[in-house]
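Here is the structure we will look at.
The values are calculated or read from the model by the stated rules, or taken from the named source; none is laboratory data. Here the structure is a predicted model, which is why all the values come from computation and not from measurement. Counting neighbours? That spans all protein chains shown, and the Cβs are built from the backbone with ideal geometry, glycine included. Note: accessible area is taken over every heavy atom of the protein model, side chains too, but ligands, DNA and RNA are not part of it. Shrake-Rupley method; radii C 1.70, N 1.55, O 1.52, S 1.80 Å.
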Amino acid sequence: MIIVLHRIAGLLLFLFHSLFLLRSIVLLKSKTAPTKADRVFMTLSQLLLPVVLLSGLPYIGRARLIHIIPGVLPVVMMFVLSRKSIRRKYPLLLPAVNWILITAAMLTGVLL
């Protein structure tokens, strides 16, 4: 049952983080303020990450390292790239890196 939660939450995390990243690109190019939907995408992306990580913990012994590393790295990157100076200079760096890691974790979970 927990594995089903992990898979559904992972798919939703990928979906909402992708929407958040795409909308962020559009908003930065058009220099417009985020809408309520944009804030919902960001919030759901942030809330689903710990759900995916925690629901995967019971199966960590069976998972391959190639799935675990990109699955855990988004949390690490949040601390590494969260400095204000980095966020101001490169506002899409953290969402883009995390999207790549989330995609890699999803693909390695599905394909392996």
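When you filter the trypsin sites (Lys or Arg not before Pro) in segment 61-106 for DSSP loop state and at most 12 other Cβ atoms inside 10 Å of their Cβ, you are left with ARG62, ARG64, ARG83. Provide, for q = 0.16, 0.20, 0.23, 0.24 Å⁻¹, the log10 of I(q)/I(0) from a solvent-free Debye sum over equal Cα point scatterers in the chain. For the chain, the Cα-only Debye profile gives -0.73, -1.06, -1.31, -1.39.
When the alpha carbon coordinates of segment 26-91 are projected onto the principal axes, the ranges are 46, 26, 16 Å, largest first.
The mean accessible area for residues of the chain, using a 1.4 Å probe and ignoring ligands and nucleic acids, is 68 Å² per residue.
Given only helices, namely DSSP H runs of n ≥ 4 each adding -39500 (n - 2.57), what is the per-residue ellipticity at 222 nm of the chain, to the nearest 500 deg cm²/dmol? The partial results should precede the final answer.
Details: 5 runs with 91 residues, N = 112.
That calculation yields -27500 deg cm²/dmol at 222 nm.
A simple charge model with +1 on the Cβ of Lys and Arg, -1 on the Cβ of Asp and Glu and nothing else charged puts the dipole of the chain at about 460 debye relative to its Cα centre.
Heavy-atom accessible area with a 1.4 Å probe sorts MET77, MET42, MET1, largest first, into MET1, MET42, MET77. Helix 93-111 versus the longest principal axis of the chain: what angle, 0 to 90°, nearest 10, using Cα atoms? Helix 93-111 sits roughly 30 degrees off the main axis of the chain. Karplus-derived 3J(HN,Hα) values for segment 5-14, using 6.51 cos²θ - 1.76 cosθ + 1.60 with θ = phi - 60°, are 4, 4, 5, 5, 5, x, 5, 5, 4, 4 Hz; glycine and proline are entered as x.
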